């Protein structure tokens, strides 16, 4: 029975030791907390500044790419317009040549008709 009582008492002491709440890790003073908050604020500002810089660079790159794309499209459009203009000029030149040939043929036909219609003396 003595052993049982001794075991119960030892268990009581053991649970009492584990049941105690631990002491606070570090008691921060208001000045230390203020300094820590200030450091965190500065770190956050630096991060925001860095992010803004990255966004700005990204936006600049996007604008540069858009300008380059626009320039390329303008060049293509100008080249197409130049080609179309050259084709149109060639068609006009061909049409004028056909008209001139038709006119000469008509004139030649008119001469032969006039010559045939006029009696020879």
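Worth pointing out:
- Inter-label distance, nm, simple model (7 Å from Cα along the C-beta direction), residue 6/residue 103: 14.0 nm
- Two-site label geometry, residue 56 and residue 78: point separation in nm, points 7 Å out along Cα→Cβ: 3.3 nm
FYI, it's all coordinate maths here, none of it is from the lab. The model shown is predicted, which means the values in this text are computed figures rather than measured ones. Don't worry about glycine lacking a Cβ; one is built from the backbone with ideal geometry, like all the others, and counts go over all protein chains shown.
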